[in-house]
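The values are calculated or read from the model by the stated rules, or taken from the named source; none is laboratory data. As the structure is a computational prediction, the values presented were derived from the model and not from experiment. Because the Cβ atoms are built from the backbone with ideal geometry, glycine has one as well, and the counts that use them run over all protein chains shown. Note: areas computed on protein heavy atoms with side chains; ligands, DNA, RNA excluded. Shrake-Rupley method; radii C 1.70, N 1.55, O 1.52, S 1.80 Å.
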Amino acid sequence: MRILREGAATAVALVLGLFVLYTSAFGVLEALVQRSVFLALVIVLALLLYPLGAGKSWRPAGLLCDLVLGAIAVGTCARIAWQADAIMNSLPTAGPLEIAMAFALVLVILELSRRAIGLIFPLMVTVGLMYALFGNYVPGALGHRGFDIYFVTETLLLSDIGVWGALLGVAATIIAVFSLFGSFLLHSGGGAAFMDVALRVSGRSTGGAAKIATIASGLFGMVSGSAVGNVATTGTFTIPLMKRLGYPAALAGAVEAVASTGGQLAPPIMGAAAFIMAEIINVNYVTIAIAAILPALLFYVGVFATVHLTAREERLGQVPDDQIPSWASVLKPHRLAPIICAFAGLGYGIFNGNSIQTAAFFGIVGTLIGLGLGRLLQLRGADRDDQPPVTDLLRSALNDGARSLVVVGILLAGAQILVSMINLTGIGVTLSTMIIGDGASSVLVVGLIVGLICMIMGMGIPTTAAYVLVAATLAPALVKVGISALAAHMFVFYFATLSVITPPVCVAVFVAAGIAGVAWTAVARRAVALGAVTYVIPFLFLLYPGMLTPSSVLQYLEAALSGLVFVISFAHLFGGARITGNRWADCAAWLAVALLAIYPHVLGLVAGVVAIAALMWLSRRRWERAGAA
């Protein structure tokens, strides 16, 4: 039975992958058709990958339940696709049949969310639905007039603002094809090339193993967009390597968790948030990607510097020479061809004015061309390493890429249900008004409140779903106090992302701790210290709006310099860099430099630059003297 189920899952995954490729190449179908077909395929695949009662004695009952749920969900999706024109061109009303179909579809989505990621997220969606139905019983400012089951059904099932709303639309088009793009790139040899580049660039430097984790996870994250997936992929290599070189297990796990989290902050995919953000605030994807570049660079500079200083102060080992590939090996044309051609294809599509999903399709085509060129170069050269057949590689890439859509598709369908209820009840506006009132309209105070709530609401759920939730409820509070929509959404996105390394529910830390073989609490303490700079970078969006919009070169350079001094001082603070030998005095000095850097005047910035240079020199001298002694 298990073999049969696996074969069926592979077949459905290939159909889903081909559907995504076809619609990205030749144009998406009508909105409700595209989204309902995509959701039907995702639900079937999810039922095969997350079977109810697998390995239990009651599995036959679970199989029957899965068959019933699958049949109802697929039937509902098929009916929506068939009646798409009627739904969009009229105002259909809900009857008993529609209520039953909506209930069954929501139940399937919530149950599959529970199987895939746990109970927290489906409970949040359930609370949203209950609030919409029974909000008239809630006292005070949070109450509303309430909506009956017929109106809620019409919103969820018989419109394009419920289950079939914009979030599912983004999942069924842009996110889907970019997931395939990342899968094709990694399967074509990009993953191994990224790791070897990281080894070559930083292997011999102080803290080399930790820097390898930082670089490799950043490169992986740029195409995978999943912090937990990054930890599970690169962590199986980097964490044991760090431990072999004498790194404490907790530090090894923390480095990997923090570096993998940063992958979600860097373009092009940003954990799929870039595409959703573009849809929500109605700007093009390129604007979001450009805005994310400088903050992501500051994040990695901060983490890289913190890792370097921690390794320097604790005198941790370097990577042995025999484990570092040569530049000749790293830069072999057949290894670089898929990566170069992939991003060339993506760039061609973007600058040619194609839709972003079509540009991603060109990126996939470029990957295949690069793979073919690489194989030809191997055949002509002396390097003829054993490689799997191209057909097997393509099938694996399509299969794995499609399977990665299951969690994203189910989560965004559930998130769309929650967001539609938030919009229906107006709770987002209510919360924003309450936050502004408590914060007395101060931008920084409102930012502190919003950031804290973002991390709490994001705990235990994937970044994409967390961002959607906080964007709907908390970003409006920042907009109301004068922050631009782009800065507000980037702010809440960063804090939603940080939930994966922030205790008590820090999923990336849990995975890293499992690989490192150490208590997750120890990893979490080191992760918060290593990633401390990330908790403050979002506030730079509020102080320096020019950081996200490089339309003014001077403002952009000022924001970049201020941010650089700030993250370097924080890296020294949390990396344990010593100046005087008195820990409290050293912390005060580094903190003073950080505050100077963000003081909103050019003199403060100049003073910060001079101070950080002087303190870094003093810290280096003290470390050298301590080593000589």
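Worth pointing out:
- Peptides 402-409, 546-553, 515-522, 365-372 ordered by average Cβ neighbours within 10 Å, highest first: 402-409, 365-372, 515-522, 546-553
- The string of couplings for region 553-558 from the Karplus curve (6.51, -1.76, 1.60, θ = phi - 60°) is 4, 5, 5, 5, 5, 4 Hz, one whole number per residue in order, with x for Gly and Pro.
- Using a probe of 1.4 Å on the protein chains alone, the accessible area found for Met616 is around 80 Å².
- Note, ³J(HN,Hα) from phi for region 7-12, Karplus 6.51, -1.76, 1.60, rounded to Hz, x at Gly and Pro: x, 5, 4, 4, 4, 5
- Value of Rg/Rh across the chain [Cα atoms, Kirkwood radius]: 0.98
- Mean projected area in nm² (Cα convex hull; one quarter of hull surface) for region 303-436: 15.8 nm²
- Quotient of C-alpha Rg and 2.2 N^0.38 Å, computed over region 33-124: 1.19
- Accessible area expressed per residue, the chain, with surrounding protein chains retained (probe 1.4 Å, Å²): 40 Å²
- Cα gyration tensor, region 476-629 - rounded (a/c under 1.5), prolate or oblate: oblate
- Inter-part distance where region 551-574 and region 88-112 are each reduced to a Cα centre, Å: 50 Å
- For the chain, with +1 on Lys and Arg beta carbons and -1 on Asp and Glu, the positive-most of Ser404, Phe147, Leu32 along the dipole: Ser404
- Candidate lysines for bridging to Lys243, where Cα separation is under 28 Å - those fewer than 8 sequence places away on the same chain excluded: Lys211
- The apolar share of the surface of region 61-162, taken as the fraction of accessible area on carbon and sulfur atoms (1.4 Å probe, ligands and nucleic acids excluded), comes to 73 percent.
- Taken as Cα centroids, region 484-500 and region 502-530 sit 22 Å apart, rounded to the nearest whole angstrom.
- In Hz, Karplus ³J(HN,Hα) per residue of region 423-429 (6.51, -1.76, 1.60; θ = phi - 60°; x = Gly, Pro): 5, 5, 8, x, 5, x, 5
- Per residue convex hull volume, Cα atoms of region 404-553, in Å³: 134 Å³
- With a 1.4 Å probe rolled over the protein heavy atoms of all chains, the accessible area of Cys65, Cys77, Cys587 falls in the order Cys65, Cys587, Cys77, largest first.
- Net length available on complete extension from Leu331 to Arg145 is 60.5 nm, with 0.36 nm assigned per residue and the Cα-Cα distance removed.
- Å³ per residue enclosed by the Cα convex hull of region 57-216: 236 Å³
- Using 0.36 nm per residue and subtracting the Cα-Cα separation, the extra length available between Arg59 and Thr580 on full extension is 181.0 nm.
- Proximal lysines to Lys332, defined as alpha-carbon separation beneath 22 angstrom and excluding residues fewer than eight positions away on the same chain: none
- Directionally averaged projected area (convex hull, Cα atoms, region 235-382), nm²: 11.5 nm²
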